[in-house]
Amino acid sequence: MASSGELAHNEVVVSVNDPQVWTLIGVFSAVMFSVAGLLMRSNRQLVDVLRAEVSTLAAGLDARIDRVEVSLGARIDQVEVSLGARMDRLEDRVDQVVVSLGARIDRVEVSLGARIDQVEVSLGARMVRLEDRVDQVVVSLGARIDRVEVSLGARIDQVEVSLGARIDQVEASLGARIDQVEASLGARIDQVEASLGARIDRVEESLTARVDRVELKADERHAHLVEVMEIRFDSVDHRLGSVEEDLRIVKAHLLRHPAA
């Protein structure tokens, strides 16, 4: 009975010698290293593909940023050209108003000068006539000449006062109108500058927000790719560790069951 048990046990155990053990270990190691080489090659290919995708994405982002910069530069140039044209039109209108006011002031001065000349001519003629009459009646109408001179002096003073008042009124009216025109033009120019400044600020904020979103998306995708690569490398390391553990198990098994 014991001999039959020993025979059964011997039929189960495979008898191998040391060269065969080392041959099996070498074959198994070669197979494992081949598998590891294939895994590393596939991982390298995956890394190259990911690098190519990252490079393509970076090139696309650079191209989009360049297009955004070109578009922003063109829009700013258009705004500057439009603002320059509007400022030129405002300057032309101011020049026209100044020329118109100058022409009106010149006409007023000419009209007042003509009226003053007429008054002077009229007064001169009347004075000449009065002097002639005074010369004719010097002896008999001395008292009347004095009264006439007093009356004429009063009238001349009234005329001078009246003309001075009218000239002051015209000057005050023209000054007030000029001040109003200057205030109105200043307010309109300030409104135009404020409106253009607000539009430029909105354009800058919009473009800055878009660039920030593009950079955030690029960072998120890069982080995702890095995380995927780390997971893949961890998986490869785990598989290599499993292979090494299997080799150790096989070696230990072979060492525990040497050839008979």
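Rule-based calculations on the coordinates, nothing more; no lab input. Predicted model, so just to flag it, every value in this text is computed and none were measured. Don't worry about glycine lacking a Cβ; one is built from the backbone with ideal geometry, like all the others, and counts go over all protein chains shown.
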Length gained when the stretch D179-R126 is fully extended (0.36 nm per residue, less Cα-Cα span):
14.8 nm
Can you give me the angle between helix 18-136 and the longest principal axis of the chain, using Cα atoms only, in degrees from 0 to 90, rounded to the nearest 10?
0
So, in nm, how far is label R166 from label N17 when the simple model puts each one 7 Å beyond its Cα toward the Cβ?
14.7
Could you give the spread of the C-alpha atoms of the chain along their three principal axes, from largest to smallest, in whole angstroms?
194, 27, 19
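Indicate the gyration tensor shape class of region 170-241 (rounded, prolate or oblate), computed on the Cα atoms with a ≥ b ≥ c the square roots of the eigenvalues: a/c under 1.5 is rounded; otherwise a/b larger than b/c is prolate and the rest oblate.
prolate
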Binning at 10 angstrom from zero up to the longest distance, how are the C-alpha pair distances of region 113-260 distributed in percent?
8, 12, 9, 8, 8, 7, 6, 6, 6, 5, 5, 4, 4, 4, 3, 2, 1, 0, 0
Of R210, R86, R155, which is the most mobile in a GNM of the chain whose springs link Cα atoms less than 10 angstrom apart?
R155
Ellipticity estimate at 222 nm from DSSP helix runs (n ≥ 4, -39,500 (n - 2.57)) divided over the chain, nearest 500
-36000 deg cm²/dmol
With label points built 7 Å along Cα→Cβ from the Cα atoms of A74 and L240, find their separation and express it in nm.
5.3
Pick from L72, L61, L112: which is most flexible by mean-square fluctuation in a GNM of the chain where alpha carbon atoms under 10 Å apart are linked?
L112
Give the separation of the Cα centroids, region 112-129 to region 33-78, in Å.
95
Can you compute the label reach from A58? Point 7 Å from Cα along the Cβ direction, backbone N cut-off under 12 Å, restricted to region 203-219.
none
So how far apart, in nm, are the two label points at V226 and I200 if each is 7 Å from Cα heading toward Cβ?
3.9
Taking Cα pairs under 8 Å and at least six residues apart, what relative contact order does the chain come out at, in percent?
71
What does the C-alpha gyration tensor say about the overall shape of region 57-188? Classify as rounded when a/c is under 1.5, otherwise prolate if a/b is larger than b/c, or oblate.
prolate
